[in-house]
Amino acid sequence: MSNSLITNINALVDSTARENRIKGELGVAYDIQMGMLPGKESIPRSPLYEISAFIHPAKEVGGDFYDVFRLGEDRLVITIGDVSDKGVPAAMFMSICVTLLRQLYKGADSIETVFRDVNSCLSERNPNMMFVTLFSMIVNTLTGDFCFCNAGHCPPLIVREKGLMVLEHLSGPALGVMEGADYLLGSGHLDPGDYLFIYTDGISEAQNEENKFFGEERIRNVLEQRHYNSAKSQVYSILDAIVEFRGQADQSDDMTMLSFRRAENGAAPEPPKTGDLS
């Protein structure tokens with residue numbers, strides 16, 4: 001009995017040590033993953049606009065991501081994506097997507113080219129058949145004009161003083177699904193004071209204790225009620241509504257959302273060609 005007890009204690013110690021080591025490694029992985037994304041201090045700032053983003057994986061690491069960076073002096077790239085898995089595999093795929101997008105945007109002549117090239121790279125060697133839904137846009141911060149591609153992602157929402165508009169244009173399939181797919185450009189305009197709200201399906205598919213989804217209709221209701229006066233407060237209005245709706249239910253999917261608001265006094269000089277990245 002004494003030997004058996006000692007053996008069990010040693011096994012428990014070894015198991016606890018392994019568990020702590022795995023937790024420590026996942027903690028480091030989380031820090032690395034979040035470090036790849038623009039944080040509060042590194043999101044581009046300007047008197048012409050404001051941006052607020054929120055991300056929270058369902059597990060220690062996840063497959064959701066967003067990115068914001070300048071492309072020249074007056075243009076901004078805004079991207080949000082959702083990988084088709086959770087945990088470590090999704091986090092690895094996500095890191096590849098973020099890296100590819102940043103590199104390809106530097107030398108591409110259009111968003112469509114960026115999407116085609118990312119899709120080609122992801123489709124070429126993808127034994128687990130993973131994919132990513134992706135929305136990416138370039139907004140001219142002086143004029144409010146923007147162009148975008150949407151590869152199977154949740155439709156973005158524009159919130160105006162007079163109501164809400166859904167960007168229903170779908171450019172093509174999710175990236176990594178089908179090699180050689182084409183992606184079509186969409187375009188739009190933000191007036192001074194308009195918000196653009198983008199999110200992953202972890203927001204719309206947040207579940208409560210009765211396994212009901214939060215849903216797109218609730219998202220739109222919160223946005224239309226306009227109990228906010230900034231990009232940050234818009235994001236947290238949605239988050240507060242989800243927390244209240246979910247109750248004691250666990251988070252079932254990665255959650256990510258981003259709000260871009262054009263300043264009330266935004267200037268509007270003659271715009272360049274919308275789809276041109278040069």
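Report yes if some residue within the stretch 190-213 is surrounded by fewer than 19 Cβ atoms within 10 Å (Cβ to Cβ), more than 30 Å from Val243 (Cβ to Cβ), assigned by TED's automatic domain parsing to the domain that holds Ser252 and of a type outside the set (S, T, N, Q); otherwise report no. Within the stretch 190-213 (the criterion being surrounded by fewer than 19 Cβ atoms within 10 Å (Cβ to Cβ), more than 30 Å from Val243 (Cβ to Cβ), assigned by TED's automatic domain parsing to the domain that holds Ser252 and of a type outside the set (S, T, N, Q)), the answer is yes, since at least one residue qualifies. Scanning the stretch 34-89 for residues that are among the acidic types (Asp, Glu) and farther than 20 Å from Pro155 by Cβ turns up Glu41, Glu50, Glu60, Glu73, Asp74, Asp85.
Applying the selection to the stretch 210-224, what residues are of a type outside the set (D, E, K, R) and either within 17 Å of Ala58 (Cα to Cα) or touching a residue at least 12 places away in the same chain (Cβ under 8 Å) (or both)?
Kept after step one, since they are of a type outside the set (D, E, K, R), are these residues of the stretch 210-224: 211, 213-215, 219, 221-223.
Correct list: Asn211, Phe213, Phe214, Ile219, Val222, Leu223.
For the stretch 220-239, does any single residue satisfy the condition of being crowded, with 17+ Cβ neighbours inside 10 Å, assigned to a loop (DSSP other than H, G, I, E, B) and either among the hydrophobic types (A, V, I, L, M, F, W, C) or not assigned by TED's automatic domain parsing to the domain that holds Phe148 (or both)? Looking through the stretch 220-239, none of the residues is crowded, with 17+ Cβ neighbours inside 10 Å, assigned to a loop (DSSP other than H, G, I, E, B) and either among the hydrophobic types (A, V, I, L, M, F, W, C) or not assigned by TED's automatic domain parsing to the domain that holds Phe148 (or both). Taken over the stretch 61-83, the residue count meeting the criterion of being buried (at least 18 other Cβ atoms within 10 Å of the Cβ) and either not in a strand (DSSP E or B) or not assigned by TED's automatic domain parsing to the domain that holds Met255 (or both) is 3.
Selection over the stretch 209-249 of residues that are at pLDDT below 95 and on the phi > 0 side of the Ramachandran plot gives a count of 3.
Tell me whether the stretch 157-167 contains one or more residues that are part of a loop (DSSP other than H, G, I, E, B), within 30 Å of Arg226 (Cα to Cα) and not acidic (Asp, Glu). Checked against the condition, which is being part of a loop (DSSP other than H, G, I, E, B), within 30 Å of Arg226 (Cα to Cα) and not acidic (Asp, Glu), the stretch 157-167 yields at least one hit. Screening Ser187 on (1) surrounded by 15 or more Cβ atoms within 10 Å (Cβ to Cβ); (2) part of a strand (DSSP E or B) shows it passes everything except condition (1). Pairs meeting the criteria (first residue in the stretch 24-49 and within 25 Å of Asp191 (Cβ to Cβ) and not assigned by TED's automatic domain parsing to the domain that holds Asp194, second residue surrounded by 13 or more Cβ atoms within 10 Å (Cβ to Cβ) and at pLDDT 65 or above, beta carbons under 7 Å, at least 6 apart or on different chains) are lacking. Candidates are the residues of the stretch 250-268 that are closer than 17 Å to Asp201 by Cα and surrounded by fewer than 17 Cβ atoms within 10 Å (Cβ to Cβ); the one that is modelled with the lowest pLDDT is Ser252.
So Met34 ticks every box in (1) farther than 23 Å from Ser171 by Cα; (2) at pLDDT 75 or above but one. Which box is left unticked? Result: Met34 passes all but (2).
Among residues of the stretch 157-173 that are among the hydroxyl-bearing types (Ser, Thr, Tyr), those with a Cβ under 8 angstrom from a residue that is loosely packed, with under 15 Cβ neighbours inside 10 Å, sequence gap 6+ or separate chain, pair up as Ser171/Leu184.
The values are calculated or read from the model by the stated rules, or taken from the named source; none is laboratory data. Values in this document were obtained by computation on a predicted structure and should not be read as measured data. Quick reminder, even Gly has a Cβ in these numbers, built from the backbone with ideal geometry, and neighbours come from all protein chains shown.
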